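Down below is the structure, laid out as structure tokens.
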Amino acid sequence: MVGASATAALGAMPLAAGAKPAGTERPNLAKVVFTVNGEQRELELDIRTSLLDAVREHLHLTGSKKGCDHGQCGACTMIVDGRRINACLTLAVMHQGSEVTTIEGLGQPENLHPMQAAFIKHDGYQCGYCTPGQICSGVAVLAEIKAGIPSHVTADLTATPEVTETEIRERMSGNICRCGAYSNIVAAMTEVAGRQA
């Protein structure tokens, strides 16, 4: 009852000079041009649109998932300009001219990426919701290690990191699997790393 009276009181208050009622402002639009999965795309978006929403809602590439929408689960992981990012935490307008790769750009059912095939072989998924983000992150993690980028568990910062279970688990810690397929994910990534060596 108190909440209803407070709302009524606020509704009765006059607007400040020049203020518009909430929800009546027009969105500020911007043209965004980037390459998604090898194809140049151009969108006109509200500048507040996340990269995840641009790809899912405007380009209809729904492989990347909206999990927590706070950058804590990794379900939205995409590879942007060669680096993995949480697409829910970045605005699409920040990626003007960027190269974006989603799960759809890694491989297709008739032509799987080696990481996708390894996830299937090692049962690196259960419900599948986090799998696109896990696979994109896995591909980028192996690229990070190959490029010599250390992690928090890299013992010797002057040596090239090696693909170990500890390195994989540390680097993949931002990708949550609620089904608990972590051991299978590590096995899939280890197999792919062995083939790339």
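The values are calculated or read from the model by the stated rules, or taken from the named source; none is laboratory data. On a predicted model such as this, the values are computed, not experimentally measured, just so you know. Heads up, the Cβs are rebuilt from the backbone with ideal geometry, glycines too, and the neighbour counts pull from every protein chain shown. Ligands, DNA and RNA are stripped out before the accessible areas are found, and what is left, the full protein with its side chains, is counted by its heavy atoms. Shrake-Rupley method; radii C 1.70, N 1.55, O 1.52, S 1.80 Å.
In this structure, does GLY107 turn out to be open to solvent by less than 50 Å² (accessible area, probe 1.4 Å) and modelled with pLDDT under 95?
So GLY107 passes the test.
Yes/no matrix, rows are residues, columns are (1) surrounded by fewer than 22 Cβ atoms within 10 Å (Cβ to Cβ); (2) of a type in the set (D, E, K, R); (3) part of a loop (DSSP other than H, G, I, E, B); (4) over 14 Å from the mean Cα position of the chain (by Cα):
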position: GLU25; (1), (2), (3), (4): yes, yes, yes, yes
position: GLU42; (1), (2), (3), (4): yes, yes, no, yes
position: LEU45; (1), (2), (3), (4): yes, no, no, yes
position: VAL55; (1), (2), (3), (4): no, no, no, no
position: LYS66; (1), (2), (3), (4): yes, yes, yes, no
position: CYS88; (1), (2), (3), (4): no, no, no, no
position: GLN116; (1), (2), (3), (4): no, no, no, yes
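Given the residues GLY194, GLY133, GLY138, GLY180, which is the only one that is surrounded by fewer than 16 Cβ atoms within 10 Å (Cβ to Cβ) and assigned to a helix (DSSP H, G or I)?
GLY194
What are the residue pairs meeting all of these: first residue in the range 143-160, first residue without any contact (Cβ under 8 Å) to a residue 24 or more places away in the chain, second residue basic (Lys, Arg) and surrounded by 12 or more Cβ atoms within 10 Å (Cβ to Cβ), Cβ atoms under 6 Å, and 6 or more apart or on different chains?
SER151/ARG171
Quick check: is even one residue across the range 149-167 surrounded by 19 or more Cβ atoms within 10 Å (Cβ to Cβ) and under 19 Å from the mean Cα position of the chain (by Cα)?
no
Of the numbered conditions (1) at pLDDT 95 or above; (2) closer than 29 Å to GLU57 by Cα; (3) assigned to a loop (DSSP other than H, G, I, E, B); (4) polar (S, T, N, Q), GLN126 fails exactly one; give the number of that condition.
(1)
Take ARG84 and decide whether it is charged (D, E, K, R) and either within 19 Å of VAL141 (Cβ to Cβ) or in a strand (DSSP E or B) (or both).
Criteria met by ARG84.
Please work out if THR101 is buried (at least 17 other Cβ atoms within 10 Å of the Cβ) and touching a residue at least 40 places away in the same chain (Cβ under 8 Å).
It is true that THR101 is buried (at least 17 other Cβ atoms within 10 Å of the Cβ) and touching a residue at least 40 places away in the same chain (Cβ under 8 Å).
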